[in-house]
1. If DNA, RNA and ligands are ignored and the probe is 1.4 Å, what is the ranking of Lys54, Lys162 by accessible area, most exposed first?
2. When the accessible area of the chain is split by element with a 1.4 Å probe, what percent falls to carbon and sulfur?
3. Cα-Cα over 26 Å: which of Lys2/Lys146; Lys115/Lys145; Lys83/Lys168; Lys83/Lys115?
4. With every protein chain kept in the model, how would you rank Arg20, Arg49 by accessible area, 1.4 Å probe, largest at the top?
5. Report, in degrees rounded to the nearest 10, the 0 to 90 angle that the Cα long axis of helix 106-117 makes with the longest principal axis of the chain.
6. Can you tell which of Ser5, Val153, Cys82 lies farthest toward the positive end of the dipole of the chain, using +1 and -1 charges on the Cβ of basic and acidic side chains (Lys, Arg; Asp, Glu)?
7. Need the C-alpha centroid separation for the stretch 69-92 versus the stretch 7-55, integer Å.
8. Could you tell me whether the stretch 1-87 comes out rounded, prolate or oblate from its Cα gyration tensor? Rule is a ≥ b ≥ c as square roots of the eigenvalues, rounded for a/c under 1.5, then prolate if a/b exceeds b/c, otherwise oblate.
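The values are calculated or read from the model by the stated rules, or taken from the named source; none is laboratory data. Since the structure is predicted, the reported quantities are computational estimates derived from the model, not experimental observations. Glycine gets a Cβ as well: all are built from the backbone with ideal geometry, and neighbour counts include every protein chain shown. With ligands, DNA and RNA removed, areas are computed over all heavy atoms of the protein, side chains included. Shrake-Rupley method; radii C 1.70, N 1.55, O 1.52, S 1.80 Å.
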Amino acid sequence: SKSCSELVTHSYKRSFFEERDVRISTARAGNVIGGGDFANDRIIPDCIRAALKKEPIMVRNPFSVRPYQHVLEPLMVYLQICKAQYEDRCYEGYYNVGPDDDCVTTGELATLFCKAWGEGMSWENQYDGGPHEANFLKLDCSRLKKTFGWKPVWGIEKAVEKTVEWAKCQ
């Protein structure tokens, strides 16, 4: 759906804004974590709900690998892209935002969460073969890095720590 959104956005731009001084880019981020996400069937909200109930975290697919990053990373990039393309149209384009090599399994993420939360938190493997999920996902962020010299500020451990910190303050 993210790729489709890029195609629709840039087709719409070419159709209706090519002759106007409107600057449009798309930027997509891989698996963000952080405070404020309460969605069902997402690992960090599930971890927080379990921790608040003092129950083990049920992890459905602990071996899938994802490029988790804190939500503040892509937000900063979005602002950087907006500023740059406002100043110079050459910065319009398609961008991906993701961590460097911070791909971890969902089980590893749950372990980091348990460590950050403390209080004896644990997780259990509840893999049941469920719906098909890709085992490994990662975005190519080379264009963003080359264009802006961007690199993530927080690694996965810091992202999880900050997410737990936020959750415990609620």
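1. Output order, biggest surface exposure first: Lys54, Lys162.
2. Values: 5560 of 10260 Å².
On the chain, the fraction of accessible area on carbon and sulfur atoms equals 54 percent.
3. Numbers: Lys2/Lys146 22 Å; Lys115/Lys145 31 Å; Lys83/Lys168 34 Å; Lys83/Lys115 38 Å.
Over 26 Å Cα-Cα: Lys115/Lys145; Lys83/Lys168; Lys83/Lys115.
4. On the way: Arg20 140, Arg49 75 Å².
Of Arg20, Arg49, the descending order of accessible area is Arg20, Arg49.
5. Once rounded, the angle reads 70 degrees.
6. Checked the options; the winner is Cys82.
7. About 14 Å separates the Cα centre of the stretch 69-92 from the one of the stretch 7-55.
8. Working: a/c = 3.52, a/b = 2.43, b/c = 1.45.
Cα axes put the stretch 1-87 in the prolate bin.
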